[in-house]
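Trainee: Have a look at the structure that comes next, please.
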Amino acid sequence: MGIRAGIRGRLRSLWPLPPPGRLRTLSLATLANTVGTGLWVTASVLYLTRVVGLSPTNVGLGLTLAGLVGLTASVPLGGLADRRDPRNLRALLQLAQAAVAVAYLFVGSFPVFLVVSTLDALLVSGNLAIRAALVAAVGGPEGRVHAFATLRAVANLGVALGAGLAGFALVADTGWAYRLLVVGNAATYLVSAALIMRLPGYPPVRRLRPGPRRALRDGRFLAVAGASAVLSLHWVALTVLLPLWVVTRTDAPPVLVSAMLLVNTLLTVVLAVRLSGGARHALPAAATMRRAGLVLAAAMVLWAATGFVSGALTVGLLLCATVIYTVGDLWHAGAGAALAYDLAAPDAIGAYQGVDTLLAGLARAAGPALLTWLILGGGPVGWLALAGLLAGAGLAVPPLTRRALSNRPEPSPASDQPISSST
């Protein structure tokens, strides 16, 4: 009986949903939202090419342009979350995203696709900043990094579930099956909005000075956020470059790409919360960010080594590097959230999160072209150059953080109190 209870307890510890309370409600909203993300991301290109009739070139061009325009929404909408209730704003944006998701059913040409995808990207970018402000409100100063890590684990679970469900449409490979996925994605936004509205309201305590301009002029914060944005290039390496590298530069079977992404997803679900505990405030988070840069650099070196080996050794190195990469990725995510929260002006959390989102988005937008040239053109030397860049960015964060903290006023007793308990 004790062994069975112990097994149940261990399994519960692996499950990312927190105990009942406000964070559980927000986690369920995230789960619903990201199941829809998994549905759409898995099948969107096939829907747009096979059902709508767009060319792959037009789809890629449209998504790139939409993504760049969408980044402009993060700062103003993040600032709006400092002046309005982030719960209501997030729910409202979820409803707008549901409408835009349905609009994909009426796309029949490239200009219409460009308009719809741009609206989609604007809402996604703005929603990320508003979500960060809502997480800060739900978690409070001591619980917001834990809440962020919890939601990341839940999001990975949701995307995996959505991708699995999308497989049925891919097997059917018919127009109605793909359209059903579009409707399903829209429905998940509605469910998410309804769950968000079950949270209490978080109206701002007082009228604030304009946050977006202040955040954009905070050079010391921008330096730390910029270093974190450079580190976020690792995500491009995993999702864009590594699959191409495996297929074109190693003798590993192509199916290994799916196995590596699955390993990354499962480890994120299991480890995201556990690896976030030591980075609640700026200085420990900066140390964690330095460690993340070095660990990510080590993963890049191992991926570079796969260009010189073959057979089982290649497979082993690729999987081992993916495990190491995931640890660095989770350290970076937790430390990045802590720094973005702790270095922000207490009355402009949303605006600062918007700036952090903007910089990371710019790095990821430039990443595919830069890393394709660097790694596919330079081979293992390109991986080593990326390793040096990631290590350098990580090492730069602690001194930049100390400099950012050096001119910060001491928090007042009122500003140091949690806005709300996470339970």
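The values are calculated or read from the model by the stated rules, or taken from the named source; none is laboratory data. Computed from a predicted model, the values in this text were never measured in an experiment. Don't worry about glycine lacking a Cβ; one is built from the backbone with ideal geometry, like all the others, and counts go over all protein chains shown. The protein model used for the area step is the full one, side chains on, heavy atoms only, and it has no ligands, DNA or RNA in it. Shrake-Rupley method; radii C 1.70, N 1.55, O 1.52, S 1.80 Å.
Trainee: Residues of region 383-398 being of a type in the set (G, A, S) and either in contact (Cβ under 8 Å) with a residue 60 or more places away in the chain or closer than 16 Å to A285 by Cα (or both), which ones?
Mentor: A387, G388, A391, G392, A393, G394, A396 - these are the residues of region 383-398 that are of a type in the set (G, A, S) and either in contact (Cβ under 8 Å) with a residue 60 or more places away in the chain or closer than 16 Å to A285 by Cα (or both).
Trainee: Being over 25 Å from V154 (Cβ atoms) and assigned to a helix (DSSP H, G or I) narrows it down to one residue among T326, T322, T372; which is it?
Mentor: T372
Trainee: Check A344, A340 and return the single one that is surrounded by 19 or more Cβ atoms within 10 Å (Cβ to Cβ), outside any helix (DSSP H, G or I) and at pLDDT below 95.
Mentor: None of the others qualify; the one that does is A344.
Trainee: Here's something else I'd like to know. Based on this model, can you work out whether A360 counts as open to solvent by less than 10 Å² (accessible area, probe 1.4 Å), of a type in the set (G, A, S) and touching a residue at least 60 places away in the same chain (Cβ under 8 Å)?
Mentor: no
Trainee: Something else about it: Among helices (runs of 4 or more DSSP H) lying entirely in region 210-293, which contain 2 or more residues that are surrounded by fewer than 20 Cβ atoms within 10 Å (Cβ to Cβ)?
Mentor: 211-217, 219-231, 242-249, 255-271
Trainee: So how many residues does region 102-121 have that are small (G, A, S) and under 20 Å from the mean Cα position of the chain (by Cα)?
Mentor: So the count comes out to 2.
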